[in-house]
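Worksheet for the structure shown next.
The values are calculated or read from the model by the stated rules, or taken from the named source; none is laboratory data. This structure is a prediction, so every number in the text was calculated from the model and none was measured. Virtual Cβ from ideal backbone geometry, glycine too; neighbours counted across all protein chains shown.
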Amino acid sequence: MMPLLVFRERVKNFYQRNDIYITPVIKFIFAFIAFSTINREIGYDARVESIPVVLGLSLLSAFTPSAIMVLLATLIAILHVYFVSPVLSIIIIIILLILYFLFARFTPRLGYVVLAVPILYFLKIPYVIPILLGIISAPIAIIPTACGVIIYFLLQIIKTAITMQVTSSIDDILQIYTFVIDSLVGNKLMIMSIVIFGLILLVVFYVRKLKFDYAFEISIAAGAITSVLGFLVSDLIFDNSEQILSMILGTIVSAGIVYVIHFFKLTLDYSGVEHVQFEDDVYYYYVKAVPKVTVTTPQMRVKHINVKSAEQGVSRAGLHRHDRDAEEEYDEDDDAYSDHSDDYDYNSGSKTDK
């Protein structure tokens, strides 16, 4: 576990030091994926889906709020539809503008959710969004989630409506408008998906608010279980039994992705829980304090060795050793001289042999 915590701290420190550069890069990549997905699904105008246009719009989205990115994605979708059917583009403009103003009015900072839901639908893991929003956001996040689900199903409706032969007669125009509205409003699968996503988000949000240990981790598991049960009932109702296995696998993968995101965002040490009580003039407080897991990343110390200094040190060591050897020889000679010398008797004034 400790290596993972050290890796987590290094990643967080790296992001904190370089967030001014990393954030635009992430926004650029996300915008490029979102615009490319729209071009792949309803790419009828070659001018709009050209690489320079997509790169330019992605670069613009990297330095603007998420609401601008959603507006640009809406504009791309409208231009594609207009290129094929100007009549159909009118109703699409109305629907997309309603969704845009609905999201921009209540949750303008969650524009990424509106675009992320269709992308994750194509990746078979749309369950990431409600579970993740339950962890990091509030129930109001149901609005951009629902808008994202509607956009995904609207893209499927557009692909079908494009194939319809439409003339300039009033009857044909009313027919295609009626088809789009009925396919959107009467889409029970879409409505069921919005309800289940909202239920998942609420379950995760309220479970992680409960006051017990590992509430965040348990809320992720509760959201995954709610997703499996909800879409299992939905698949059985609409006779989509072939989607059950992919739904279960997608939910498991989604829960794993959310857990990894939560691990990097917040990790708590429940072994160090403290209960504190204090009061003021109005209330008496019972507080449960759970410390965050923090580790100190090991610092690498590099010792620089100067070759010239090292050679001088070796030479000096040799000189000191030579001096010590000379002293030892002197001591031996001195000892030998002392051993063979005669002692002088100062009292008698004569020498005596030792």
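Take the residues in region 164-173 that are farther than 11 Å from LEU88 by Cβ and in a loop (DSSP other than H, G, I, E, B); name whichever of them is modelled with the highest pLDDT.
SER169
Can you tell which of TYR112, TYR100, TYR121 is among the hydroxyl-bearing types (Ser, Thr, Tyr), in the same structural domain as ILE248 (by TED's automatic domain parsing), closer than 21 Å to HIS262 by Cα and assigned to a helix (DSSP H, G or I)? Steps first, answer last, please.
Numbers: TYR100 fails: closer than 21 Å to HIS262 by Cα; TYR121 fails: closer than 21 Å to HIS262 by Cα.
Being among the hydroxyl-bearing types (Ser, Thr, Tyr), in the same structural domain as ILE248 (by TED's automatic domain parsing), closer than 21 Å to HIS262 by Cα and assigned to a helix (DSSP H, G or I) holds for just one of TYR112, TYR100, TYR121, which is TYR112.
Given the options ILE76, ILE91, name the one that is of a type in the set (A, V, I, L, M), over 30 Å from GLY250 (Cα atoms), surrounded by 18 or more Cβ atoms within 10 Å (Cβ to Cβ) and in the same structural domain as MET190 (by TED's automatic domain parsing). I'd like the intermediate steps shown before the answer.
Numbers: ILE76 fails: over 30 Å from GLY250 (Cα atoms).
Among ILE76, ILE91, only ILE91 is of a type in the set (A, V, I, L, M), over 30 Å from GLY250 (Cα atoms), surrounded by 18 or more Cβ atoms within 10 Å (Cβ to Cβ) and in the same structural domain as MET190 (by TED's automatic domain parsing).
Return the total of residues in region 115-144 being small (Gly, Ala, Ser) and closer than 17 Å to SER66 by Cα. Even if it seems obvious, please write down each step before you answer.
Residues of region 115-144 small (Gly, Ala, Ser): 116, 134, 137-138, 141.
Filter again for closer than 17 Å to SER66 by Cα, leaving 116, 137, 141.
Number of matching residues: 3.
Go through region 10-47 and give me each residue that's of a type in the set (Asp, Glu) and either within 14 Å of the chain's Cα centre (by Cα) or not assigned by TED's automatic domain parsing to the domain that holds ILE76 (or both). Before you say what the answer is, go through the steps one by one.
First, pick out the residues of region 10-47 that are of a type in the set (Asp, Glu): 19, 41, 45.
Listed by number, the list holds a single entry, ASP19.
For region 34-46, which residues satisfy the criterion of being closer than 25 Å to GLY111 by Cβ and loosely packed, with under 14 Cβ neighbours inside 10 Å?
The initial filter retains those residues of region 34-46 that are closer than 25 Å to GLY111 by Cβ, namely 34-45.
Hit for region 34-46 is ARG40, nothing else.
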